[in-house]
Each structure stands twice: as C-alpha cells, then as structure tokens.
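Scroll down for the structure; my scribbles are underneath it.
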Amino acid sequence: MSCPICRTRKPRRACPALQQTICPVCCGTKRLTEIQCPDDCVYLTSAREHPAAVVKRQQEHDVAILLPTLHGLTERQHQLFFLFQSVIARHTPEGFSRLLDDDVAEAAGAVASTLETAARGVIYDHVAPSLPAQRLASELKAMLGDMQKQGVRIHDREAATVLRAIEKGARETRKIEPGDASYLTLMARLLQRNRSGAQPAAEPTRSLIIP
C-alpha cells in the first residue's frame, strides 16, 4: 500500500484533513498548501513549535529581504501594507496569464500616483501600462473604497506611502532573489506563515478595520 498522494512512499501518518494515512514527505511539503490541516493536527502543532532548521533559515532570509521595504513605515502603515498584500495574494489574473512582480510594481505605482495627485487637490486617475497591472490596481482601489465605506479613515498620502513601499519591494527583491515573481513568492511564504499560526493573521489589521 502506498501514500494516496504521491503513490510512491509508504503511508505512516494519519491525516485528519484527508482522513487517510499519508507519507511523512507529503505531510511536510503539502501542509496548509494542498492539504487544509485542522488546527488540532499533532503534526501541524509540532511543526509550529519546532520548525526545521531549513525552514528557520528561510524565514530569517525572507525577513532580511523584506526589512528595507518596510523601513520607515509606521505601525499603522505596516498593517495597511499587509492588507494590500492580502489583496495581491488573492488576485487571479484573467485567462492563462500569471501575475508577475512587474505587474505588482506597476499597479502599486499607478494607485500611489493617483493618491498623491489627489492629496494635492487634483483628481486624475493614473493608469498602469499593462492590462494585468490595471486589473490589480482596480482591486487595490476597491479595497480602499470598501474600508472608507466601513468608516476607516485612511489618508491619501498614507496609503500612497505604503503602495510605494510595495512598488519598491516588487522591483528590488529580484536583485537578491532572481526571477520574475520572486517578490510574490516571498510574500506568499510570509502570508502562509501567518495563516499557519506563526503570527495571527487578524491581529495586524484590527486597529485599521475597526473605526
């Protein structure tokens, strides 16, 4: 009998999410990505409390890359940064295209320019050069609009500062991590850790979403 996922290795771990026994490799590599593990899973709990050395090194590496992007942001702007990032992470491009770091940089830059112009008293909608970036920019602006409808005060310059940080991160990360989606990959890992319990996902947004 083999693991029902990889169909090659021997199953040794009872998976409460799949209600099947799977191999340790699939348990470790597909946890919280392809397998939606419940919080009471003993293997998930153990991984949170005692992360492997390679995981810890990756975490430290990711944080070191992200720090220049977050430098100078206030605590409130830091929260807004991850709110924007959650929108970017959920965004699904149309057709068979995939979102790239350039799209993120262009979208963030276009929305930031629009907000900076508005802060000077001029209404002008800056448009991102590519279609994928335009669609992402629309979602970023929609998030700001939804928050304002809920009574959350976010000044144009404040949001623009955060978007400029995202633009910078999307352009600068590739200098350290080669690839056309290196920034998106890094942020996906960080957001995944929040969801896995390394840091409560709801905590950073609490002071923003409650008027």
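The values are calculated or read from the model by the stated rules, or taken from the named source; none is laboratory data. Model, not experiment: these values are computed from the prediction. Positions of Cβ are backbone-derived with ideal geometry, glycine not excepted, and every protein chain shown enters the neighbour counts.
Going through region 98-126 one residue at a time, which ones are in contact (Cβ under 8 Å) with a residue 12 or more places away in the chain and surrounded by fewer than 13 Cβ atoms within 10 Å (Cβ to Cβ)? Before the answer, list the steps.
Residues of region 98-126 that are in contact (Cβ under 8 Å) with a residue 12 or more places away in the chain, as a first pass: 98-116, 118-119, 126.
The one that is in contact (Cβ under 8 Å) with a residue 12 or more places away in the chain and surrounded by fewer than 13 Cβ atoms within 10 Å (Cβ to Cβ): Arg98.
Would you confirm whether any residue within region 17-33 is closer than 30 Å to Arg171 by Cβ, in contact (Cβ under 8 Å) with a residue 24 or more places away in the chain, touching a Leu at 6+ places or on another chain (Cβ under 9 Å) and outside the structural domain of Leu191 (by TED's automatic domain parsing)? Among the residues of region 17-33, at least one is closer than 30 Å to Arg171 by Cβ, in contact (Cβ under 8 Å) with a residue 24 or more places away in the chain, touching a Leu at 6+ places or on another chain (Cβ under 9 Å) and outside the structural domain of Leu191 (by TED's automatic domain parsing), which makes the answer yes. Counting residues in region 85-92 that are over 29 Å from Leu44 (Cβ atoms), at pLDDT 90 or above and part of a helix (DSSP H, G or I) gives zero. Collect the residues in region 128-171 that are under 16 Å from Thr92 (Cβ atoms), among the aliphatic types (A, V, I, L, M) and surrounded by 15 or more Cβ atoms within 10 Å (Cβ to Cβ), keeping them in residue-number order. The answer is Ala133, Leu136, Ala137, Leu140, Met143. Selection over region 98-142 of residues that are of a type in the set (S, T, N, Q) and more than 18 Å from Phe81 (Cα to Cα) gives a count of 3. Restricting region 175-211 to residues that are within 20 Å of Leu67 (Cβ to Cβ) and polar (S, T, N, Q), the residue that is modelled with the lowest pLDDT is Gln199. Report whether or not Leu99 is out of contact with any His (no Cβ under 9 Å at 6 or more places or on another chain) and either part of a loop (DSSP other than H, G, I, E, B) or at negative phi (or both). In short, no. Got at least one residue in region 56-63 being outside the structural domain of Arg189 (by TED's automatic domain parsing), farther than 22 Å from Glu139 by Cβ, touching a Leu at 6+ places or on another chain (Cβ under 8 Å) and at pLDDT below 90? No, every residue in region 56-63 fails to be outside the structural domain of Arg189 (by TED's automatic domain parsing), farther than 22 Å from Glu139 by Cβ, touching a Leu at 6+ places or on another chain (Cβ under 8 Å) and at pLDDT below 90. Taking region 145-174 as the range and being among the hydrophobic types (A, V, I, L, M, F, W, C), part of a helix (DSSP H, G or I) and either at pLDDT below 95 or over 17 Å from Thr117 (Cβ atoms) (or both) as the test, the residues that pass are Met147, Ala165, Ile166, Ala170. Quick check on region 1-46: of everything there that is among the aliphatic types (A, V, I, L, M), within 20 Å of Gln192 (Cβ to Cβ) and part of a strand (DSSP E or B), which residue is farthest from the chain's Cα centre (by Cα)? For region 1-46, the residue satisfying everything is Ile22.
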